[in-house]
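Some notes on the structure that comes next.
Since every read-out is calculated from the coordinates, none of them should be taken as a lab result. The shown structure was predicted, so the numbers you read here are calculated from the model rather than taken from an experiment. Cβ atoms come from the backbone with ideal geometry, glycine included; neighbour counts cover every protein chain shown.
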Amino acid sequence: MDCGKGESLKMKNDVNATHIVPSKLAAVLEKAAEFHGHLGPFLVIGVRIGLIGLKEISKHNGEQLTIDLSLPLHVPFSCIIDGLQVTTHCTVGNQKLSVRDSGSVKARFIGENKGVEVMIALNKSTFEELKFQLLGESIPEEEVRRLAWMIAEISEDKLFEISRTTRTH
């Protein structure tokens, strides 16, 4: 079922919806869901933040990576942590991931060798919309999965605000 790099994979993930996501993202989401225990929107956000950060930092060969993550430190927002850990292998345990309680979601990727930094922030309106949809009454698991695949399909520029800087020593 390998579609090759850059091709899309049509995935049937629940009874009611078929989703088109890049095959690499679909594979990572499956791995993340297995690690985390289920697929949800904030896990997908963590995976996507991790993949974007790795892509941006890898443009600068040989970088040692650390991540500072700010987010509300309670479920469902804390699910972002697992998505980030699965994609980057930066963890609290290996001290390459630090986590802070915050009212917004943003991750700062720091390339230690050449002083490269990438800041990825979840779009505020997307964040508010997800909070509205998920923090009200109890919603069925299939709706949570539907929202997760919806997040997987949203374009990077609509989902995140990304800034890049290079520190001088």
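In segment 33-45, what residues are free of Cβ contacts under 8 Å to residues at least 40 places away in the same chain and in a loop (DSSP other than H, G, I, E, B)?
We begin by selecting, within segment 33-45, every residue free of Cβ contacts under 8 Å to residues at least 40 places away in the same chain; these are 33-34, 37.
Within segment 33-45, just Gly37 meets the criteria.
Residues in segment 92-102: is at least one hydroxyl-bearing (Ser, Thr, Tyr) and within 22 Å of Ser125 (Cα to Cα)?
Yes - at least one qualifying residue is present in segment 92-102.
Can you name every residue in segment 98-133 that is over 17 Å from the mean Cα position of the chain (by Cα), closer than 18 Å to Gly40 by Cα and of a type in the set (A, V, I, L, M, F, W, C)?
Phe132
Just to be sure before I move on: is Arg48 crowded, with 17+ Cβ neighbours inside 10 Å, charged (D, E, K, R) and not in a loop (DSSP other than H, G, I, E, B) in the structure I sent?
yes
Answer yes or no as to whether Glu112 is without any contact (Cβ under 8 Å) to a residue 40 or more places away in the chain and of a type outside the set (A, V, I, L, M, F, W, C).
Answer is no for this residue.
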